[in-house]
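Chemist: The structure that follows is given in the form of structure tokens.
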Amino acid sequence: MDKETKDYIDGIFIQFKDEIIHQFHIIAEDVISKVQIVAEGVASLNEKLDRRTEELDKRIDETQAMMGKMFDKLNKKMDNISDNLNKKIEATNEKMDNMFDELNKKIEATNKKMDNMFDELNKKIETTNEKMDNISDNLNKKIEATNKELKALKADILRVESKVETLAENLEHHTRVIHHL
């Protein structure tokens, strides 16, 4: 092989290597972008959960404040209207139980949704990791195959160069013999 062919093969290999690196960067940027989107989604969910928790805290505080006022009024009127007061307390307790039951159901539903969302997120992350591992494995295999091909080409070039040197020596020897004749 002459120098031009060798340079051409070297150029193709460099282009191939550069293209592999370029493609890897594109894939890496895409993965990073998707991870950032997932992280933003998680942050958004955290913000929603924080707002919901704040709303629940506010509702609980309001309910507790309402109960405090109601109990103050009830204590003042207890001597005069104990029968009516007991009925109102029972009704209020029932409403509160229902409110807490509903609140617990909402919290449980929210927890289930969050668990499902985190499970889906973990699955997506695992899938992305598997894809990256597969891409990395494929790239490594292709690089190894390319290296083997290059080694084989180098060995062929060395054999050809050796044969060319031998032919040149034989030609030189025959030329001398012919000149002596």
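The values are calculated or read from the model by the stated rules, or taken from the named source; none is laboratory data. Since the structure is predicted, the reported quantities are computational estimates derived from the model, not experimental observations. Note that we place each Cβ from the backbone using ideal geometry, even for glycine, and neighbour counts take in every protein chain shown.
Chemist: Based on this model, can you work out whether residue 68 counts as more than 30 Å from residue 146 (Cα to Cα), touching a helix residue (DSSP H, G or I) at 6+ places or on another chain (Cβ under 9 Å) and of a type in the set (Gly, Ala, Ser)?
Modeler: no
Chemist: Let me ask something else. Please go through the stretch 26-74 and give me each residue that is of a type in the set (S, T, N, Q) and either outside any helix (DSSP H, G or I) or under 16 Å from residue 92 (Cα atoms) (or both), ordered by number.
Modeler: Selection gives 63, 64.
Chemist: Just checking, how many residues over the stretch 21-41 are among the aliphatic types (A, V, I, L, M) and touching a helix residue (DSSP H, G or I) at 6+ places or on another chain (Cβ under 7 Å)?
Modeler: Count: 3.
Chemist: Restrict the check to the stretch 83-106 and report whether at least one residue is in contact (Cβ under 8 Å) with a residue 40 or more places away in the chain and among the hydrophobic types (A, V, I, L, M, F, W, C).
Modeler: Yes, the stretch 83-106 has at least one match.
Chemist: Mind listing whichever residues of the stretch 91-135 are more than 25 Å from residue 40 (Cα to Cα), over 18 Å from the mean Cα position of the chain (by Cα) and among the aliphatic types (A, V, I, L, M)?
Modeler: Across the stretch 91-135, the qualifying residues are 91, 96, 99, 103.
Chemist: Could you check how many residues of the stretch 135-149 are in contact with a Phe, Trp or Tyr (Cβ under 8 Å, 6 or more places away or on another chain) and at pLDDT 90 or above?
Modeler: Total satisfying the criteria: 1.
Chemist: Can you tell me how many residues within the stretch 90-108 are aliphatic (A, V, I, L, M) and over 14 Å from residue 53 (Cα atoms)?
Modeler: Total meeting the criteria: 3.
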